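Written out below as structure tokens is the structure these notes cover.
Every read-out reported here was derived from the displayed coordinates using simple, explicitly stated rules and does not represent laboratory data. Just so you know, these numbers come straight off a predicted model, no measurement behind them. Counting neighbours? That spans all protein chains shown, and the Cβs are built from the backbone with ideal geometry, glycine included.
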Amino acid sequence: MASVTTTQLPGMTGDFDNTLDDGVSKAPLVLGEATFREVTRKICRVAEAPRAPLAWYVAFAISTALVGVLGVMIAYAVFTGVGVWGNNSPVFWGFPIINFVFWVGLAHAGTFISAILLLFRQKWRTGINRFAEATTVFAVVCAGLFPGIHVGRPWFAYWMAPVPNVMGAWPNFYSPLLWDAIAVFTYTNVSLLFWYVGMIPDLATFRDRSKTRLRHTIYGILAMGWRGSAKHWQLYERTILILAGLATALVLGVSSTVSTDFAVSQLPGWHETIFPPYFTVGAIFSGFALVLALAIPARELFGLKDLITKRHLDNLAKITLVMGSIVTYIYLMEFFIAYYSGNGYEQFAYLTRIMGPYWRMGWLILFCNCLVPQIFWFKFARTTWWLALPAALLCLVGMWSERFVIIVTVLNRDFLPSAWHNYAPTWVDWLTFAGSIGLFFTLFLLFCRFLPMIAMSEVKSILPQAEGHVHDDSPAAAAGH
Amino acid sequence: MSTAHNIEPVVKEPQMYGLLAEFHDVQTLLDAAVALRKAGYKKWDCYTPFPVHGMDKAMGIRPSILPWIALAGAMGGVFTILALAPLCNAFLYPMIFSGKPYWGMPGHIPMAFALGILGGTVFVVHGLFVLARLPQFYHPLFTAERFRRVTDDGMFIAIEATDPSYSPSATSQLLTKLGAAAVEEIRD
């Protein structure tokens, strides 16, 4: 590869600050030795190393232990009954629905990065899109778990599908709960297919570099015999573009549909037209906070600082800031509409949030989601891990609290004061939630170790030496274009 | 690039697949692709570790029917719901929910939207595999040791022996003239 040595950037390694453009040329998105071979080597060595870093084993041990806890908690709830949870009357939707909405929201950053940023031709997405898509798939898995166990008898979950049955009954197609089931089913399948199709060329790289027969067979089957043919690349790129278009509609549609579970009901505090964009923006906000919180340790741990550069962290933090600010605007607008509506019930619902029994969480939301992201106005905070990481984690805490407050403070103040009842999660609730976090990290750690964590073919395509010009003016060329 | 070779009967062993030429940079590969298309070759392909911008133009690859496949899938998803919802709620088990009509399209739009996206996705992904003829676990090119680098940093052009313009010596010379760093015969 003698011809590409001119593109090497000596002295620019992962700690180089590439967040500024000098006005003449774009700052490089790949630091260190930016050759095709070096990109392959850096990404493959994570999966090809005989041993993972010690921190990986520690994290994996904790995560799998939590998955065990999750299994025990689900078995306990199923065999004993859902009374082991804190759900009561009138708060029928406790932790299961809070966690469902929270996890679905976390999934949104991956789809946003791989779909909307692709349509906007944001080249920096190539460094982070693969593992952001992985967080989508795993977060949707965790999300799907909760409605599944919330029905109490998971073996009847198929009743939600229009299956011919002896009772002659069919699902209610007007019900937002059915819309929700279909939306999440769609989201699971689309994000999985998008992730897998995007990974095929990189799985082929793993296949071609494999040293053992087992690896060669497994990655060979997963890569489907990909051989980098130009005809295949043309179909592949077109497929990715179409999937990006479809997923863009989906990223805006799924949380909107989830929000109709609330907005279509007749409860003050839920019955609002702002809910679809509100849930979508909150979802993207929490998703970017998650990707930021995962990117910071991952680039350190796996030696990927040349590929996930400071510019990537900078951009992730900026989008978190934008989304956090929109969330803040929506909070203010909700309170304003409650005031301006002149509706006593609506006003009561909003005063309950900040002055009712859960006022601490109400203010925690305003702190975590409105104030904390504002530190990302400062570049020092965006590119310094010990500021960015806690801020991102606080955003996640804030968004989980938001889901809690939206669900609990509306339900616990029923229309008749005699029906009022506060909600307190039990230890089973907490351990189930912790178990779902363990499930997410187990899947994510396995992904980091065994699958291409960064889209190699896409990173290679943004290197300067991947550019060429077609010197041809014949009509045949125009027809083929 | 003499056309005299075109009329020669292609004498080849039955197991000859063709020629594999390795290139070292994208610009040479693109120029070679334009030259091969102009020389009238039909059964050949470029192989790269990443999608090369402009390669479809250089090789003269026609746009695929994938967008239409996606559209068909999306429409299929939309109309599945628009037909299934009234079938269930208006005909098989007519029931009044919240005073709404048996057959009211607005309430069915969210599901039609979701299933349309699902249909489009499933169709376009399967369309990709069908049009690209994948999975294909064996290919003659996989026998070449150097071809393993096609998913790392290797860039190749392979011309099949069944191409009418193919001739073992002339095609090889042409590839070398176009800047190939190495030309290798591939046997199946």
Revision key, fill the gap. Assertion target for A:D208, B:D45, ordered by fewest C-beta neighbours within 10 angstrom first, is B:D45, A:D208
Study note, to complete from the structure: So the FRET efficiency between A:N165 and A:N88, C-beta based with R0 = 25 Å and rounded to 0.05, is 0.20
Exercise for review: Evaluate the Debye formula for the stretch B:51-173 with equal point scatterers sitting on the alpha carbons, no solvent, and hand back log10 of I(q)/I(0) at q = 0.17, 0.21 Å⁻¹, in q order, two decimals.
Suggested key: -1.03, -1.23
Review point. Where in chain B are the helices, taken as whole DSSP H runs, whose Cα atoms extend 15 angstrom or more along the long axis and whose Kyte-Doolittle mean reaches at least 1.0?
Key: B:66-86, B:109-131
Point to revise | B:A181/A:K26 FRET efficiency (R0 35 Å; Cβ-Cβ; nearest 0.05) | key: 0.70
Point to revise | Cα→Cβ-extended label distance, 7 Å offset, between A:R153 and B:V130, nm | key: 4.1 nm
Exercise for review: Extending each Cα 7 Å along its Cβ direction at A:Q266 and A:L393, get the distance between those two points in nm, one decimal.
Suggested key: 4.6 nm
Review point. Taking the Cα centre of each part, how many Å lie between the stretch A:221-270 and the stretch A:144-203?
Key: 15 Å
Exercise for review: Restricting things to alpha carbons, tell me how big the stretch A:186-246 is in terms of Rg and Dmax, in Å.
Suggested key: 12.9, 39
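For B:137-147, what's the mean count of beta carbons from other chains sitting within 10 Å of each residue's beta carbon? Each step should come with its number before you reach the end.
Values: counts 6, 1, 3, 0, 3, 5, 0, 0, 0, 0, 3.
What the average comes to for B:137-147 is 2.
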Study note, to complete from the structure: Nearest 10, in degrees from 0 to 90: the angle of helix A:427-450 to the longest Cα principal axis of chain A is 10 degrees
**Study point:** Mean Cβ count within 10 Å, highest first, over the residues of peptides A:70-83, A:111-124
**Key:** A:111-124, A:70-83
**Study point:** Global form of the stretch A:369-481, assessed from the alpha-carbon gyration tensor, a/c cut-off 1.5
**Key:** prolate
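Return the ratio Rg/(2.2 N^0.38 Å) for the stretch A:110-154, where Rg is computed over Cα atoms only.
My calculation over the Cα atoms of the stretch A:110-154 gives 1.57.
What are the equivalent ellipsoid semi-axes of the stretch A:364-432, built from the alpha-carbon gyration tensor (square roots of five times its eigenvalues), in whole angstrom, biggest first?
Semi-axis lengths for the stretch A:364-432 are 34, 15, 6 Å.
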Study note, to complete from the structure: As a Kirkwood estimate from alpha-carbon pairs, the stretch A:210-301 has a hydrodynamic radius in angstrom of 17.4 Å
Study note, to complete from the structure: Expressed in angstrom, Rg and Dmax over the Cα atoms of the stretch B:59-116 are 16.7, 61
Exercise for review: Describe numerically, in nm with one decimal, the distance between label points set 7 Å from Cα along Cα→Cβ at A:H471 and at A:S418.
Suggested key: 9.1 nm
Review point. Does anything in the stretch A:382-417 have its amide N under 12 Å from the 7 Å Cα→Cβ label point of A:A55, and if so which residues?
Key: A:385-386
Review point. Could you give the Stokes-Einstein D for the protein assembly as shown in µm² per second, using the C-alpha Kirkwood radius, 10 °C, 1.306 mPa s?
Key: 58 µm²/s
Practice item. Go through A:K305/A:K460; A:K123/A:K318; A:K211/A:K231; A:K42/A:K305; A:K123/A:K310 and tell me which ones have a Cα-Cα distance over 18 Å in this structure. Key: A:K211/A:K231
Study note, to complete from the structure: By the Cα gyration tensor axes a ≥ b ≥ c (a/c under 1.5 gives rounded; else a/b larger than b/c gives prolate, otherwise oblate), the shape of the stretch A:44-196 is oblate
**Study point:** Helix A:344-355 vs. chain A, principal-axis angle (Cα, 0 to 90°, nearest 10)
**Key:** 70 degrees
Check your understanding: What are the residues whose amide H is under 5 Å from the amide H of A:G32, where those residues sit 5 or more places off or on another chain and H is modelled from the backbone?
Key -> A:M12, A:T13
**Study point:** Average projection area in nm² (convex hull over Cα atoms of the stretch A:122-203, one quarter of hull surface)
**Key:** 7.7 nm²
Study note, to complete from the structure: So the angle from the long Cα axis of helix A:310-341 to the longest Cα principal axis of chain A, reported in degrees to the nearest 10, equals 20 degrees
